[in-house]
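Chemist: Mind looking over this structure? Questions follow.
Any read-out appearing in this document is the output of simple, stated calculations on the displayed coordinates, not a laboratory observation. Owing to the predicted nature of the structure, the values given are computational and were not obtained by experimental measurement. When we count neighbours, we look across all protein chains shown, and the Cβ atoms used for this are built from the backbone with ideal geometry, even at glycine.
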Amino acid sequence: MGKDVQKAKRSLSKVMNSATAGFDLLYDKVTSHIENARAAIQSTVDTEMVKAYWSIGRDIVEEEQQGESRADYGTYLLTTLSEHLTKQYKKGFSVSTLKNIRQFYLAYSDRASISYAARSQLPKLSPNLGWIHYRALMRVSRKEARQFYEIEAEKNHWSGRELERQIGSLLFDRLAKSKDKDGLLKLACHGQEINTPEDAMKEPLILEFLGLPESHQLVESKLEEALINNLQQFLLELGSGFSFIARQKRLSLDGDHFYADLVFYHVILKCYIIIDIKTRALTHADLGQMQLYVNYFDREIKQDNDNPTVGLVLCTKKKDEMAKYLLGDKAKQIFTSTYQFHLPTEEELEQELKREVKTIKHELAKQSKD
């Protein structure tokens, strides 16, 4: 009798465990459906609110233009409108918010399209970007730069914070430095297109997310460790296509061991990219070392369907003329870039651009003499 009871208990326990497991699976599925539905609803609400803000901004601007004294009337209009909207909707329509909405329309007033169904104007805006994105975008004064950031934000699924960081790091200007007039237009209209290793390079790299001081005492291993600890932000700064492979990758030759600091694989270019970190100005030894790494990877590691390996030496100061003479036919495989630990200013980039233009003119002058 006792054995039958124990057997029944074990059988019941199995049934209960199975039922619990089945319930847990069902619960996970149900909550997944609910969360997906909520996310979709929130996305739709956000998209519709962006459209509504554009229309509100248009109406405010048109009403302001009818006032006898635009500045005085505009202040009165926004204050009064804010008071009435707040009374009805409780929050979300402060004077500062209405100013942002007005600025949003002014920045995107050329996006109007006619909706025959609604018999009104509707804006042509990305359904994948929310108010937090457009609030950052409308503050970009140059239209070509604003258009670039809008394309990249949608293409790379940037959060509002990521978008603000890329705008603050002057990504457009850093990529535009090496572009001619046609390349600049293409960048503004289509965003960053990566077809060659040069397209994936930035000057300078901005590493403000590490929280490190601008110090000549910085040790390379500490900088490398900081980059690994902030790998997600570092990948965002490197740009589309970079996938982390290894740190301190060992290369053995004739009984000697060499260590490549960071190794990535670029899924768009289909090649390995080796990054070597220096906390000083570039030297010829740095380029020679990178040549060794690139040649080793090309012969020992890359597969037949991989493109040639690319090397990038990060340093505090480049030496373009030395690199040109030393690299020769490897110049399309090995690159150098500076880095800094603070967000740049437009003045800093302008000075750097002038320096590069001066270097190019010097090279052209030497070639014409030769």
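Chemist: Extension gain ASP254-ASP28, at 0.36 nm per residue separation less the Cα-Cα distance, in nm?
Modeler: 75.8 nm
Chemist: Output the peptides 270-278, 197-205, 219-227 sorted from most to least packed, where packing is the average of other Cβ atoms within 10 Å over each peptide's residues.
Modeler: 270-278, 197-205, 219-227
Chemist: How are the C-alpha pair distances of region 303-350 spread across 10 Å bins, as whole percents from the shortest bin up?
Modeler: That works out to 20, 40, 27, 11, 2, in percent per bin.
Chemist: May I ask you to compute the full-extension gain from GLN303 to GLU83, defined as 0.36 nm times their residue separation minus their alpha-carbon distance, rounded to one decimal in nm?
Modeler: This chain segment gains 72.5 nm when fully extended.
Chemist: Residues of region 251-273 with amide nitrogen under 20 Å from the 7 Å Cα-to-Cβ point of GLU193?
Modeler: 267-271
Chemist: Now, a different point. R0 = 22 Å: FRET efficiency of ASP59 with ASN128, Cβ-based, nearest 0.05?
Modeler: Computed FRET efficiency for ASP59 and ASN128: 0.30.
Chemist: Under 18 Å between C-alpha atoms is the cut-off here; go through region 140-193 and count lysine pairs that meet it, provided they're at least eight residues apart or on different chains.
Modeler: Close lysine pairs found across region 140-193: 6.
Chemist: Another question, then. Using a Förster distance of 30 Å, how high is the FRET efficiency between GLU208 and ARG142, based on the Cβ-Cβ distance and rounded to 0.05?
Modeler: The calculated FRET efficiency here is 0.85.
Chemist: If you find the alpha carbon centre of region 123-142 and of region 171-242, how far apart are they in angstrom?
Modeler: Here the two parts' Cα centres lie 23 Å apart.
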